[in-house]
Amino acid sequence: MKTLTEIGFVKSSFDEPANPTEMKKHISFINIKKEFEEGLFKIEDSIYIDVVFGFNKSEGFDLKLNIFTGERKGVFASRSPRRPNSLAITTVKLIERNGCELKVTGLDALNNSPVFDIKPCDNSLIEKNSEAINASKLKSNPRKQIISHILAGETDKLLIKAAQMHGHYCPGLAMGVMAATFAMQKIKFRSDGMEDLIVITETNNCVSDGIQFVTGCSFGNNALIFKDFGKTAFTISKRDGKGIRISTLPDSQEYIRQAKGKFSSQFEKVIKKQNHSDQEIALLKKLGIESAFAILKLDFDKIFKVEEIEVEIPSYAPSYESIFCETCGESIMASRIINKNEKKLCIPCANESYFQLDGHGISEIRK
């Protein structure tokens with residue numbers, strides 16, 4: 001096989017391995033050797049180009065490995081730098097050419113990485129099948145895009161996605177997204193809804209929705225525990241019990257008030273005083289958008305306190321069979337069946353008390 005010819009090298013602000021998503025945000029330069037300059041003729045006609053380069057600081061390879069999403073894959077099913085031939089191909093955006101130098105964005109190569117080839121990007125197949133490709137990625141890992149945003153610290157993009165679940169933008173949702181993004185970066189562990197990552201939230205307000213969305217820990221996948229303390233605080237932990245608790249600082253309210261602007265007074269009018277006219281609700285939503293994105297720009301350390309703590313993690317949630325109520329005929333978890341008058345009944349049909357979680361917290365509803 002012919003030996004690879006180095007045609008140039010990369011100039012980047014990254015000298016050591018870093019988060020590829022973050023690296024791609026920065027400007028990089030590709031310097032082509034003078035003897036290959038003629039090969040750049042009309043490269044400006046291409047908006048996107050493929051760059052073939054070498055991993056100059058990668059040693060050895062793994063046939064199976066954990067990728068950034070936490071999934072375990074084969075090396076040929078990943079973009080890991082630990083490859084048998086230490087070669088990489090990345091599609092970048094060409095900003096401009098200046099002689100032998102190409103200015104690009106989207107390159108995840110370290111400074112002084114050798115460049116072996118450049119060619120125009122052929123995205124014809126991708127354009128025709130973009131929806132199918134995106135669907136395939138999400139089927140493989142539904143949280144892949146979310147994880148990429150977390151690693152890149154793109155809280156604005158996470159807030160937009162979290163609002164799709166929450167229904168609107170508000171300061172609380174933004175605080176939850178901000179704190180949960182920090183926690184996920186700190187704990188360096190990914191949630192796949194299998195209870196290996198646990199979140200304990202101490203409030204059931206807007207903040208908790210931001211936390212659920214970013215961490216992927218929810219009531220439905222049994223990875224969210226609710227302690228009805230009424231505190232704007234939460235703990236995130238792996239199964240080993242080594243957790244991180246994040247809570248709001250005593251002086252944070254005054255600091256946050258500057259970002260809220262007129263939101264608080266409008267919230268008072270619409271939510272507390274129940275003025276639900278179309279005009280007032282529309283203004284509240286508008287101010288909610290402005291304040292939510294403004295909060296993301298605040299100093300994290302002036303809002304939150306972070307503690308490393310030991311957490312007692314409950315065992316994995318048991319799986320119960322479904323049993324049908326002998327009165328209404330509806331399916332019920334076996335653990336909620338009431339044996340009454342020689343019948344297996346659901347709680348409503350047995351007319352028994354139960355616990356309810358609503359805006360007031362957890363309360364017992366007595367019959």
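General remarks:
- Selection of region 8-40 for residues being out of contact with any Asp or Glu (no Cβ under 6 Å at 6 or more places or on another chain), of a type in the set (Lys, Arg) and not in a strand (DSSP E or B) yields LYS25, LYS33, LYS34.
- Boolean, GLU71 is exposed (fewer than 13 other Cβ atoms within 10 Å of the Cβ) and either within 28 Å of the chain's Cα centre (by Cα) or not polar (S, T, N, Q) (or both): no
- Residue in region 41-56 that is assigned by TED's automatic domain parsing to the domain that holds PRO114, surrounded by 15 or more Cβ atoms within 10 Å (Cβ to Cβ) and assigned to a loop (DSSP other than H, G, I, E, B) present: yes
- Residue satisfying condition, being more than 22 Å from GLU38 (Cα to Cα), outside the structural domain of ALA174 (by TED's automatic domain parsing) and at pLDDT 90 or above, within set GLY106, GLY99: GLY106
- Extreme residue, farthest from LEU197 (Cα to Cα), among residues of region 57-77 that are touching a Gly at 6+ places or on another chain (Cβ under 9 Å) and assigned to a strand (DSSP E or B): LYS64
- Residues located in region 137-181, provided they are of a type in the set (S, T, N, Q), surrounded by fewer than 20 Cβ atoms within 10 Å (Cβ to Cβ) and within 20 Å of PRO20 (Cβ to Cβ): SER140, ASN141, GLN145, SER148
- Every residue from region 199-220 that is farther than 23 Å from ILE303 by Cα and of a type in the set (A, V, I, L, M): none
- Scope region 293-317; condition touching a residue at least 60 places away in the same chain (Cβ under 8 Å) and either of a type in the set (Val, Ile, Thr) or touching a Leu at 6+ places or on another chain (Cβ under 6 Å) (or both); matching residues: ILE295, ILE303, VAL306, ILE309, VAL311, ILE313
The values are calculated or read from the model by the stated rules, or taken from the named source; none is laboratory data. Please read these numbers as outputs of a predicted model, since none were measured by experiment. Cβ coordinates were reconstructed from backbone atoms using ideal geometry, including for glycine residues, and neighbour counts include every protein chain displayed.
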